[in-house]
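Trainee: Attaching a single structure in structure tokens format; questions to follow.
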Amino acid sequence: MAFDGIESAVEQTLGRLRRIDSRPDPTVPAAAPARESAGAVAPRTLADLYRDHRVRLIRLAVLLVDEPGTAEDVVQEAFAGLHRHWSGLRDEAAAVGYLRTAVVNGSRSVLRRRRTARDYVPPHQVNARSAESLAMLSAEHQAVVDALGTLPPRQREVLVLRYYGGLSEAEIAEATGISRGTVKSTASRALDTVARVMAGRAGGR
């Protein structure tokens with residue numbers, strides 16, 4: 001598959017997951033009506049951010065670490081960190097940026113621990129929400145997700161943040177702690193790898 005075709009396949013697959021995961025999470029209570037004072041809407045709370053961003057952050061972490069249970073732990077720790085730093089954040093955009101960076105760093109820590117655990121066996125269980133999302137993907141989209149799982153951590157981070165998170169190169173650089181130039185070259189290498197993996201699997205059928 002040509003480079004443009006692979007990029008389109010990754011974008012369509014992760015975009016499909018993003019739309020599925022944007023549905024309201026039935027396990028999180030709906031927001032109370034916003035309070036208004038002198039015509040101004042009350043500021044967003046930590047609970048608002050949890051309700052609106054938790055599911056997509058869990059999917060982001062699942063795509064990075066492969067294990068839904070661990071992904072949920074990473075996201076919970078990210079929100080715990082946000083709570084500790086709440087008073088020092090400027091606005092909602094800064095809070096969401098903090099959460100994304102915390103999820104990336106937490107996922108990296110998980111992968112480092114796995115590499116040091118000689119008896120680690122990648123788990124395959126999924127929680128109900130993740131299973132439902134993946135079940136709604138076509139076989140072609142699932143093949144793309146599988147190919148993403150073969151990437152080195154940094155390459156996977158860049159593609160997931162770009163096509164699932166919808167971030168710009170500058171935002172990815174901020175979330176991952178690498179330069180914009182490195183983001184661009186890493187994305188290119190990652191797409192090449194996905195293309196080779198998918199071509200190899202197609203040829204093996």
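The values are calculated or read from the model by the stated rules, or taken from the named source; none is laboratory data. None of these values were measured; they are calculated from a predicted model. In this analysis, Cβ positions are derived from the backbone assuming ideal geometry, glycine residues included, and neighbour counts consider all displayed protein chains.
Trainee: If I ask for residues that are more than 14 Å from the chain's Cα centre (by Cα) and within 18 Å of residue 163 (Cβ to Cβ), which ones from region 45-91 would you list?
Mentor: none
Trainee: With respect to the numbered conditions (1) surrounded by fewer than 16 Cβ atoms within 10 Å (Cβ to Cβ); (2) modelled with pLDDT under 90, which one is the sole condition not fulfilled by residue 47?
Mentor: (2)
Trainee: How many residues does region 92-102 hold that are under 15 Å from residue 161 (Cα atoms) and either out of contact with any helix residue (DSSP H, G or I) (no Cβ under 9 Å at 6 or more places or on another chain) or of a type outside the set (Gly, Ala, Ser) (or both)?
Mentor: Step one: filter region 92-102 for residues under 15 Å from residue 161 (Cα atoms), giving 96-102.
Retained after the next criterion (residues that are either out of contact with any helix residue (DSSP H, G or I) (no Cβ under 9 Å at 6 or more places or on another chain) or of a type outside the set (Gly, Ala, Ser) (or both)): 96, 98-101.
Qualifying residue count, region 92-102: 5.
Trainee: Further question on the same structure: Could you please find all residues in region 69-89 being over 22 Å from residue 45 (Cα atoms) and surrounded by 21 or more Cβ atoms within 10 Å (Cβ to Cβ)?
Mentor: Residue satisfying the conditions is 71 alone.
Trainee: Suppose we keep only residues that are hydroxyl-bearing (Ser, Thr, Tyr) and modelled with pLDDT under 65 within region 1-38. Which one would you say is surrounded by the fewest Cβ atoms within 10 Å (Cβ to Cβ)?
Mentor: Out of the qualifying residues, it is 37.
Trainee: Of all residues being over 19 Å from residue 82 (Cβ atoms), part of a helix (DSSP H, G or I) and not charged (D, E, K, R) in region 103-123, which is modelled with the lowest pLDDT? Just the residue, please.
Mentor: Out of the qualifying residues, it is 116.
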